[in-house]
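Notes to accompany the following structure.
The values are calculated or read from the model by the stated rules, or taken from the named source; none is laboratory data. Bear in mind that the values here come from a model prediction, so they are computed numbers and not experimental data. Methodologically, a virtual Cβ is constructed for each residue, glycine included, from the backbone with ideal geometry; neighbour enumeration extends over all protein chains shown. Just so you know, the surface numbers come from the protein's heavy atoms only, side chains and all, with ligands and any DNA or RNA stripped out. Shrake-Rupley method; radii C 1.70, N 1.55, O 1.52, S 1.80 Å.
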Amino acid sequence: AVQTWLESQPQCLLIVSTADEYSDDVQNDIEGFLIKKLAHQTRCAHTEAFRTRWQRRFRGWGENPDPENVRVALFIDGLNQASYINWRRRLDSLATTLLDLGGQLIITTRANHFARFRNALANIANRVLVPDWTEAELTALLVDRGVQADALSADVFGTLRNPRILSMALDLLDAKDI
């Protein structure tokens, strides 16, 4: 999702969240949650002035909810990792709030988790399945990073076929944390 956002023109405002950050308080004040995330991501103090400025901007966006391009996207990663949350009930209100702002909701979850609630969602427009890397693709990616694929155990190699896991592993490798 982030790579696609980086390549888009014009870029919208991208708010990134993990599923476990979503609580009952968020459900009751979605715009407040978005503003808190904006403050955190921009390293701005979450002051009353900051909040008022974003509330004013959201109000303006709400008066013109159909812009030519998406204004803001909320990316919630790993819904399946917060399976205690009733996503069926909550995603539609999130998507509706974002649509009212000229925005878009983007979620990631495992296919089997999504199957539990997808038929109950009114606002899901596009579903994108991300397949695992093939052995040849993964081997080429690892070789490009200086990793000998044949030196990895079969379990590690199999786990790295998951694009999300591979991305995290490569980030750690780049940071020299592994």
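Condition test on residue 39, is it more than 14 Å from the chain's Cα centre (by Cα), modelled with pLDDT of 90 or more and assigned to a loop (DSSP other than H, G, I, E, B)? Answer is no for this residue. Which residue out of 138, 129, 101, 152 is in contact with a helix residue (DSSP H, G or I) (Cβ under 8 Å, 6 or more places away or on another chain), within 30 Å of residue 85 (Cβ to Cβ), surrounded by 15 or more Cβ atoms within 10 Å (Cβ to Cβ) and not aromatic (Phe, Trp, Tyr)? Within the list 138, 129, 101, 152, the selection yields 101. Looking across 24, 77, one residue alone is loosely packed, with under 13 Cβ neighbours inside 10 Å and farther than 16 Å from residue 96 by Cβ. It is 24. Remark: pairs (first residue in the stretch 9-29, in contact (Cβ under 8 Å) with a residue 40 or more places away in the chain; second residue open to solvent by 30 Å² or more (accessible area, probe 1.4 Å); Cβ separation under 6 Å; 6+ apart in sequence or on different chains) = 10/69; 12/70; 12/71; 14/5; 18/77; 19/81. Of everything in the stretch 116-126 that is assigned to a loop (DSSP other than H, G, I, E, B) and either hydrophobic (A, V, I, L, M, F, W, C) or in contact with a His (Cβ under 6 Å, 6 or more places away or on another chain) (or both), the residue that is nearest to residue 80 (Cα to Cα) is 117. Only a single criterion out of (1) open to solvent by less than 80 Å² (accessible area, probe 1.4 Å); (2) over 19 Å from residue 75 (Cα atoms); (3) touching a helix residue (DSSP H, G or I) at 6+ places or on another chain (Cβ under 9 Å); (4) assigned to a helix (DSSP H, G or I) is not satisfied by residue 147, namely (4). For the stretch 162-172, taking the residues that are closer than 20 Å to residue 79 by Cα and in contact with a helix residue (DSSP H, G or I) (Cβ under 8 Å, 6 or more places away or on another chain), the one that is modelled with the lowest pLDDT is identified as 165.
Only residues that are open to solvent by 20 Å² or more (accessible area, probe 1.4 Å), in contact (Cβ under 8 Å) with a residue 12 or more places away in the chain and part of a helix (DSSP H, G or I) were counted in the stretch 46-74, giving 5. For the subset of the stretch 1-18 comprising residues that are within 17 Å of residue 95 (Cβ to Cβ) and at pLDDT below 90, which member is most open to solvent (accessible area, probe 1.4 Å)? Among those that are within 17 Å of residue 95 (Cβ to Cβ) and at pLDDT below 90, it is 1.
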